[in-house]
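Take a look at the structure below.
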Amino acid sequence: MFHLVPFDTDSNQYFDNRYFSIERKFSKDSDYSLFAGSFLNSQANRCMLLGVRKDWYQVNNRLVIKGVYSYAGEFFFDAFDDCGEGGVYRTSKENTGVAFAPYIYHAAQYNFNDHFGVEAGFILPLIFVMSVQWSF
């Protein structure tokens, strides 16, 4: 992840976000899938990620344009208690009692084969993301 706006050299970015998720399609031919994961937010606090993925456009058998719509924030496990210690998560915790942020992510995913792919996209407002995917 790289924060384009607002640029902040103190943000936790690049490969320090330690993002990991597990994703499952609704069915073999479905454009939708559910996922759950974990990452370190911009303040380097561990957060939970729960969401839905939608494949919007299949360019060819290797390239897909997708959207991910998710909840990022605190969860009832102790590992995610510190998610609201800074940034937008802290603001939401002060206003609602729960530290969270809605993540809206759009990307292009290129699959080299059935098991390995790469993707690049943006989390709104302007966080650039690149990742590697392994499927089994």
inquiry  = In Å², and per residue, what accessible area does the range 28-136 have when probed at 1.4 Å with the other protein chains present?
reply    = 58 Å²
query = Quick one: if the Förster radius is 35 Å, what FRET efficiency do Ala44 and Phe122 give, using the C-beta to C-beta distance and rounding to 0.05?
reply = 0.95
query = How many nm separate the modelled label positions at Val98 and Leu63, each set 7 Å beyond the Cα in the direction of the Cβ?
reply = 3.9 nm
note = Proximal lysine pairs in the chain, meaning Cα under 15 Å and 8 or more positions apart or interchain, come to 4
note = For Cα Rg over 2.2 N^0.38 Å, with candidates [x] 1.21; [y] 1.01; [z] 1.07, the value calculated from the shown model is option [z]
ask   = Can you list the HN-Hα couplings for the range 53-66, worked out from phi with the Karplus curve (6.51, -1.76, 1.60; θ = phi - 60°), rounded to whole Hz and with x for Gly and Pro?
value = 10, 10, 7, 7, 8, 8, 5, 8, 6, 10, 10, 9, 9, 10
message = Can you give me the long-range amide H partners of Glu23? Hydrogens built in the peptide plane at 1.01 Å from N, cutoff under 5 Å, separation of 5 or more residues or another chain.
response = none
ask   = To the nearest 0.05, what FRET efficiency results for Asp114 and Lys54 with a Förster distance of 22 Å applied to their C-beta separation?
value = 0.60
inquiry  = Can you give me the distance in nm between label points at Ile22 and Ala36, each placed 7 Å from the Cα along the Cα-to-Cβ direction?
reply    = 0.7 nm
query = With the contact rule set at Cα under 8 Å and sequence spacing of 6 or more, what percent relative contact order holds for the chain?
reply = 19 percent
key: Share of carbon and sulfur in the accessible heavy-atom surface of the range 70-136 [1.4 Å probe, %]   = 66 percent
note = For 89-100, 18-29, 105-116, ranked highest to lowest by mean beta-carbon neighbours within 10 Å, the order is 89-100, 105-116, 18-29
Summed residue charge, Cβ within 9 Å of Leu34's Cβ, Lys/Arg positive, Asp/Glu negative = +2
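The values are calculated or read from the model by the stated rules, or taken from the named source; none is laboratory data. Here the structure is a predicted model, which means the values were calculated and not measured. Cβ: placed from backbone, ideal geometry, glycine included. Neighbour counts: every protein chain shown. To get the accessible areas, we keep the full protein, side chains included, count just its heavy atoms, and leave off ligands, DNA and RNA. Shrake-Rupley method; radii C 1.70, N 1.55, O 1.52, S 1.80 Å.
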